[in-house]
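Okay, so here's the structure we're looking at.
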Amino acid sequence: MVLLLAAGAYAYWSAVAAAPMRLPQNSIMVLAPYRYNGTWVFDDERVGLVREPFVAGVPEMIDVLVADIPDADKGFRLTFSAKPFPDYEKKLTRTRSDGVGNYYRLDDPTIEGPPMEGWICPALFKYYDAAPAELYVRADPSRS
């Protein structure tokens, strides 16, 4: 009997430890992107990401977000949520999926020309079970 209980406890804790970590979907989350090898990347040890790159249009969106932040290349604070939060700066709207990642459009009427669009890779699913219809973002100087 003790052996069965021990085996059951081991199986349960093994499954918990192996389960992918997902953060609550209603959370406001914070990353600290920085430039590495010419593009924006971020680390998030909570979900196992190191130098995860932003690609395909998203670096240009980040450039817009950090235009007024001195030394942003060395790092800045990116706050994001699937729900509006106080003082968010920009809204990204999901336009489509390619079966792997999702495309988002930067809703910003102050930018001349066609709307900016970028692809957010599957790392998004480290934070959300499904791609949110909208993402709300804010960039601030790093506090370090």
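Results for (1) under 21 Å from Val41 (Cβ atoms); (2) under 17 Å from the mean Cα position of the chain (by Cα), shown as yes or no for each residue.
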| position | (1), (2) |
| --- | --- |
| Phe80 | yes, yes |
| Asp87 | no, no |
| Thr93 | no, yes |
| Gly118 | yes, yes |
| Pro122 | yes, yes |
| Tyr128 | yes, yes |
| Pro132 | no, yes |
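Going through segment 23-57 one residue at a time, which ones are in a helix (DSSP H, G or I) and touching a Ser or Thr at 6+ places or on another chain (Cβ under 9 Å)? Passing the criteria: none in range. Of all residue pairs spaced 6 or more apart or on separate chains, none has beta-carbon atoms under 6 Å together with a first member in segment 102-121 that is at pLDDT below 90 and a second member that is of a type in the set (Lys, Arg) and surrounded by fewer than 15 Cβ atoms within 10 Å (Cβ to Cβ). The residues in segment 71-88 that are open to solvent by 80 Å² or more (accessible area, probe 1.4 Å) and not in a helix (DSSP H, G or I) can be counted, and the count is 6.
For segment 135-144, taking the residues that are open to solvent by 60 Å² or more (accessible area, probe 1.4 Å) and at pLDDT 90 or above, the one that is nearest to Glu89 (Cα to Cα) is identified as Arg138.
Looking at Ala139, Ala123, Ala67, Ala130, just one residue is in a strand (DSSP E or B) and aliphatic (A, V, I, L, M), and that residue is Ala139.
The values are calculated or read from the model by the stated rules, or taken from the named source; none is laboratory data. Fair warning: this is a prediction, and the values are worked out from it, not measured in the lab. Here Cβ is always computed from backbone atoms with ideal geometry, including for glycine, and neighbour counts include all displayed protein chains. In case anyone asks, the SASA skips ligands and DNA or RNA and just uses the protein heavy atoms, side chains included. Shrake-Rupley method; radii C 1.70, N 1.55, O 1.52, S 1.80 Å.
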